[in-house]
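Peer 1: Sharing a structure below in structure tokens format, with a few things to ask.
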Amino acid sequence: MLIRIIIFVFLTVSFLFSAEKFWDHQHRYILKKDELANLNIATSASKGLDKIQFFFRWTLFVNDRVTVLVNNQGYPKQFVLYKKRSLDSAQFKLMENGSLEITDQSLLLLVLQEIDASKNEVSFDVFIKDPKKRIMVDFETPQQ
């Protein structure tokens, strides 16, 4: 029984450390209603000339649900994120790479982290995976 506990603790700790290395860029936004979180993403090949615009804001929360408006490269979308596992995130492709391999794709993951009803604030985590290191990211401060 002691060996199982030690193995479980070892695997848990190793998983936590490996999860941090999986994402190339991470940032946390704490937003009030209709505050705009803006990400400027530039490709490294173009030296900043080709910029990808990604911004989001939340408009409404009810209990454990948040309505989020996202604009990814000029395409607006609306999501309802819940404080439940697998319903708390939305995933976006940042760059088309021309190959079908999922391991080469640049992805952005927007995760609902916390809803603070007393302060009327919602916190989001933004994770970006870029296995080929093709993008540069500038996380701007929220604007109202």
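The values are calculated or read from the model by the stated rules, or taken from the named source; none is laboratory data. Quantities reported herein were computed from a predicted structural model and do not represent experimental measurements. Every residue, glycine as well, gets a Cβ built from its backbone with ideal geometry; the counts of neighbours run over all protein chains shown.
Peer 1: Among the residues that make up the stretch 7-29, is at least one of them more than 21 Å from S123 (Cβ to Cβ), part of a strand (DSSP E or B) and modelled with pLDDT of 70 or more?
Peer 2: Among the residues of the stretch 7-29, not one is more than 21 Å from S123 (Cβ to Cβ), part of a strand (DSSP E or B) and modelled with pLDDT of 70 or more, which makes the answer no.
Peer 1: For the stretch 53-79, which residues satisfy the criterion of being surrounded by 14 or more Cβ atoms within 10 Å (Cβ to Cβ) and either touching an Asp or Glu at 6+ places or on another chain (Cβ under 6 Å) or among the hydrophobic types (A, V, I, L, M, F, W, C) (or both)?
Peer 2: F54, F55, F56, R57, W58, F61, V66, V68, L69, V70, F79
Peer 1: Also: Scan the stretch 53-92 residue by residue and report those that are in a strand (DSSP E or B), under 24 Å from R134 (Cα atoms) and either among the polar types (S, T, N, Q) or under 15 Å from the mean Cα position of the chain (by Cα) (or both).
Peer 2: If the condition is that a residue be in a strand (DSSP E or B), under 24 Å from R134 (Cα atoms) and either among the polar types (S, T, N, Q) or under 15 Å from the mean Cα position of the chain (by Cα) (or both), then Q53, F54, F55, F56, V70, N71, N72, S89, A90, Q91, F92 are the ones that fit.
Peer 1: Tally up the residues in the stretch 94-134 that are at pLDDT below 85 and in a loop (DSSP other than H, G, I, E, B), please.
Peer 2: 11
Peer 1: Further question on the same structure: Looking only at the stretch 49-86, how many residues end up being of a type in the set (A, V, I, L, M, F, W, C), modelled with pLDDT of 90 or more and in contact with a Leu (Cβ under 9 Å, 6 or more places away or on another chain)?
Peer 2: Matching residues across the stretch 49-86 total 10.
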